[in-house]
Every structure is written in C-alpha cells, then in structure tokens.
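The values are calculated or read from the model by the stated rules, or taken from the named source; none is laboratory data. For clarity, every value in this text was computed on a predicted model and none was experimentally measured. All Cβ positions, even for glycine, are placed from backbone atoms using ideal geometry, and neighbour counts span all protein chains on display. Quick note on the areas: whole protein, heavy atoms, side chains included, nothing else; ligands and nucleic acids left out. Shrake-Rupley method; radii C 1.70, N 1.55, O 1.52, S 1.80 Å.
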Amino acid sequence: MRLKNIPLYTALACALIATAAQASDARFERFSYEGRTQEIAQPAAGEFRNPILSGYYPDPSITRVGEDYYLINSSFTHYPGLPVFHSRDLVSWKQIGNAIDRPGQFNFQGLRSSRGIFAPDISYSNGVFYIVTTCVDCGGNVVMTASNPAGPWSDPKPVKFGGIDPSIFWDTDGKAYMVNNGDPIEKPRYDGHRAIWVQEFDPKTLSMVGERTLIVNGGVDISAKPIWIEGPHLLKRGEYYYLIAAEGGTGDQHSEVVFRSSSVRGPFKPYEHNPILSQRSLDGKRANPVTSAGHAKFVQTQNGDWWATFLATRPYDADLYNIGRETFLLPVTWKDGWPMVLEAGKRIPFTAPKPKLPEQPRPELPMSGDIAYTDEFTGAALSTQWIGVRTPAAPFYKLEQGALALTAGGQLGDLKSTPSFIGRRQQHHIAKVSTTLSFQPQRDGDRAGLVAYQSDESYLFYGISRIAGKNVLALYTRAKASEDVLVASAPFEGDSVALSVQADGGKMAFSYTAGGKTETLADKVDTTFLSTRKAGGFVGTIIGPYTWRAKAN
C-alpha cells in the first residue's frame, strides 16, 4: 500500500513521539514555599533584621559603587553559581544574577557538593567588576570580570599563586594587590597552621606581578596554635593598612581578627583586643543562639560609615542547623585606630538600627524574615534562585504550559553525572514546601518527587516510585551513606499527586493529596542527618523537584 499524505503521517508520528516523550517526563505544576523564623524578633521603626540573607548564603563579599552595593556568596558545586545581589540600603537585597550561568565557565562533574567555588571576593575599579575565587579540585584560583554585575561575567582566567580565598585590594596609588590564605613558609607546626600572603596584581593582564610576601604566620598568636586563618581582606584607613581575616575554623570557634601596618607588605601587628567578632565565649545553652560568626568583609558607605557583612549560623539544637551558613550585617566602630564589630560577650542581635542610607522598598521576594512565594512556572525561564547539582552536560528541564518538566538524567549519588534535580534553598528551619506532580513509573526504581539535598551522601526523596511492580508513594533517606533506606511507603493509583513537606527544626512531616483526600505518609521523621555537623561540608539544604528512571536489565 502506498501512503499518499506523507506530510500528515509525518506530523502524526512527530506528535506521537512528542506525546511519548512528554509522558516519560515528570511534570511539576507549581512550587510553593512558606518559611518563618524560629526566633521572635520584630524590627521596630528604623531597624533591620538579621540575617540579611536567610539560609545557605555563606562567605559574603561586598563592594560599593557610588550609591549601589553588590554582594556575592560561595556556591561550591551548585549551578548556576556565585549569586550576585544588589542593594542601596544594605539591608534589602535583590538577586540580580549568577556570575556562573554557562556550563562552559566551570566543570563541576565528579565533585562533591562542598568542593568547587570557595570564598569569592567582589571588587570594582575603573568601570570593571572583578570576582576572584578558588575552584577547589577544578582549576584553582581564577579571576572573572564584568562591566555589569548582573552579567554576563567572563570565562574564568587562571591566576597563578598558591592557596585559597583570594581578595583584591585597590590601593590609593593605583596599584592592586592580591591577598590570600596559603601554606606557611616553614613546615606546618600543627594541623590548621596557615598563613596570609600578599602579591601585586596587574588588572590589565589579570596576572600576578613581582614577589609574594608573607604578612601573617599562623594567626594572632602562633604560640597559641591558632587554626585556619582564612578569608583575608585588606583595606586602608588613614595612615594604616588593615588586614581582617577569619580564624578558628568554620564551626562554633569561628571568629574575625584584625591586624594593621603602615605598609601593605607589613609587618602587621595584631589588635590586642582580638577577636573583633565571635560568639564562641557565650553560653552554649542560650536560647536562639547565633554561632560560628566570622568571615567578614567591611564596606564604607557614601556617608563615611563602616559596616561588616559576615557569616553566622542559627542552630535549632546543639550545633545542628540544616539551612547552612547565612549572611549577617553589623556596624563597625573605630576606637584608637582599631575597628570593632562586636565586643566579647555580646550576642549578635536579630534586630539593629538601619544604616543611615535612603530606604528602598522591600523586595517582592524578601531575603530575610518570614518568606512565602509560589512559582507557577509560567515564565520564559526559571528565576535566578533556582540551582542544581553540578554543571549540566545537557539541559534536563523545560518550562511548558505552566509546568516544570524534568527529563530523567543522572542519579543522585553518582558524582560522574548531573542529576535531574533543580531546587531552592531552605531558608528557615520552620518551613513548608509543596508541589503538584504528574509522573508514570515504568520500572522498579523509577522515581519523581521532591528531594531535600545536602550532598550525594545525605539527602531524602519523597514522591512517586515503583516497588516490586507496584506504584507507591515513597520516602527514602540517605544519611551519610551510599545507599537509600526506605522509611515509609503507601500504595498509589493514578499519576498525579500534591506533595507537601513540613520542616520543624530537625524533624519533617510528609503528606499528600490525591483524589480529594489528604493523607500523612510519615510524621516527625528525624532529619538531623541534613545538618552540617552530621552531613559534613559547607552547604545548606536545597529542596526541589527531581526525577530518575532505572535502566532496563
């Protein structure tokens, strides 16, 4: 038989193929988040709330250009990476882009979640923005440039010097210097013995110039064996150069210290009242603690005032926090030629007087305090807050007809692939996440639903799967392990369900609605394995849609 209407048959075949492909995708019709702070703190008129960026926004670096302030954070192996924020009042921030927004900029394949982009620094000079950072296990120290901080940013250019945590200092004579953490010049005296180095940087060639000079060995007092001096920044005020740096590691012994010198190459003298910021001397049993404060960077306002951005954490229990390290803000005071952020014994306040700057409207999506939003997936692209795990080799999601459609890709736990996972930061310990999912499992092991991800060894999955030939709603956890554990399951008919996850500190509840009926699959599930202390690393929990299909035998 001869087919007469070839174009018609071709169109029908294409439609059938498209329908089959669509049926194999996991479709999420919305994503809602509601989060509230665990501490009771209402800013009065003229006050702001700490943290200024809630959730996983560590290692803040800030710069000012005229009346505009820009801030970036570490992003490790999450992609897009290096979030860029803008503000005019230092307390109301809006994300304007991601400096890493193209797969060709960095390759994170094979890397665990807490490798990749460490402690970036942003600065500005003569019409150009600069980001310097270390890509750990993926290229070392690099510099990126942009004329617009919202992007696009250049491909990274390797910069040859040892160590991590680079920062550019622009001197008043026009010269630029790179300061960073590196190995000591001697054999390390103890575990965590590090040093701070400085070297001239040529912004025209984006390369290092001349000799490299050691300016701090070990820390404030090397006889006390200070550990992990890092995150250094140089600034100049009056006749002195000031070096600020973190000391004491990233846990609850974290602190910020300061040194000064009349020369950019030292010698640098430590302040006798160091540290200038820490919470380590406070009672560990205090209510609503803020801990692990440090890794600061100063900025001077157009009015001449000084402020410090820094990281800290808000545990829900003893050193347990699932949401990662957050960005805080406090004023810097100067006395006898030395800066102080917070005197010893004082608690970091949840509310404080605002900077003396023109107030700006609260952003449509606030970054601190109580937060609620719903993404209906009706736009042309996902908002800048959505991130995945590792650099994608190929696109795995698309927005179509008010849905986020995910095509199955790599499996969580497989470092050599990119999982079909895209999520948002959990910004509160008390939070609710919900979505509507359509998915048809075809083989045992197929799954689609919500994932709360800390790392490839610590995460949970909640959604539709198939076990022993039957479709189910399933909750799996992986707690610092290489295998998933089935926590709960229930028979499920159909291919559409509304999923809800309720977090309350170190516990989560999992419910679903199908056929007009709401059920609880599991309640009060211990999720402390998503805390940094138990999971390890430096990131916070990301929650969002995920799908994977098992391979045929």
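Testing residue 238 on (1) open to solvent by less than 40 Å² (accessible area, probe 1.4 Å); (2) out of contact with any Leu (no Cβ under 8 Å at 6 or more places or on another chain); (3) touching a residue at least 60 places away in the same chain (Cβ under 8 Å), one condition comes back false. Which one is that?
Of the numbered conditions (1) open to solvent by less than 40 Å² (accessible area, probe 1.4 Å); (2) out of contact with any Leu (no Cβ under 8 Å at 6 or more places or on another chain); (3) touching a residue at least 60 places away in the same chain (Cβ under 8 Å), the odd one out for residue 238 is (1).
Assess whether residue 531 counts as being within 21 Å of residue 373 (Cα to Cα) and modelled with pLDDT of 95 or more. Before the answer, list the steps.
Details: within 21 Å of residue 373 (Cα to Cα): no; modelled with pLDDT of 95 or more: yes.
So residue 531 fails the test.
Condition check ((1) open to solvent by 30 Å² or more (accessible area, probe 1.4 Å); (2) assigned to a loop (DSSP other than H, G, I, E, B)) across all residues:
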position	(1), (2)
58	no, yes
86	yes, no
92	no, yes
123	no, no
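Does residue 550 satisfy the condition of being of a type outside the set (Asp, Glu) and either in a strand (DSSP E or B) or open to solvent by 20 Å² or more (accessible area, probe 1.4 Å) (or both)?
Working: of a type outside the set (Asp, Glu): yes; either in a strand (DSSP E or B) or open to solvent by 20 Å² or more (accessible area, probe 1.4 Å) (or both): no.
No.
Give the residues of the range 415-464 that are open to solvent by 20 Å² or more (accessible area, probe 1.4 Å), outside any strand (DSSP E or B) and in contact with a Leu (Cβ under 9 Å, 6 or more places away or on another chain), sorted by residue number.
415 - this is the single residue of the range 415-464 that is open to solvent by 20 Å² or more (accessible area, probe 1.4 Å), outside any strand (DSSP E or B) and in contact with a Leu (Cβ under 9 Å, 6 or more places away or on another chain).
Can you tell which of 146, 150, 119 is open to solvent by 30 Å² or more (accessible area, probe 1.4 Å), in contact (Cβ under 8 Å) with a residue 12 or more places away in the chain and of a type in the set (Gly, Ala, Ser)?
Answer to the selection: 150.
Let me confirm something: among 479, 490, 468, which residue is in contact with a helix residue (DSSP H, G or I) (Cβ under 9 Å, 6 or more places away or on another chain), more than 23 Å from residue 397 (Cβ to Cβ) and open to solvent by 10 Å² or more (accessible area, probe 1.4 Å)?
Details: 490 fails: in contact with a helix residue (DSSP H, G or I) (Cβ under 9 Å, 6 or more places away or on another chain); 468 fails: in contact with a helix residue (DSSP H, G or I) (Cβ under 9 Å, 6 or more places away or on another chain).
From the options 479, 490, 468, the qualifying one is 479.
Can you go through 360, 385 and tell me which one is part of a loop (DSSP other than H, G, I, E, B) and either open to solvent by 80 Å² or more (accessible area, probe 1.4 Å) or over 30 Å from residue 104 (Cβ atoms) (or both)?
After applying the criteria, what remains is 360.
In the range 40-56, what residues are surrounded by 13 or more Cβ atoms within 10 Å (Cβ to Cβ) and over 20 Å from residue 250 (Cα atoms)?
Residues satisfying the conditions are 41, 43, 47, 48, 49.
Quick one: would you say residue 345 is in contact (Cβ under 8 Å) with a residue 12 or more places away in the chain, closer than 15 Å to residue 38 by Cα, not in a strand (DSSP E or B) and not aromatic (Phe, Trp, Tyr)?
So residue 345 fails the test.
Among 263, 281, which is free of Cβ contacts under 8 Å to residues at least 24 places away in the same chain, open to solvent by 20 Å² or more (accessible area, probe 1.4 Å), assigned to a loop (DSSP other than H, G, I, E, B) and not charged (D, E, K, R)?
Step by step, each of 263, 281 is checked, and only 263 is free of Cβ contacts under 8 Å to residues at least 24 places away in the same chain, open to solvent by 20 Å² or more (accessible area, probe 1.4 Å), assigned to a loop (DSSP other than H, G, I, E, B) and not charged (D, E, K, R).
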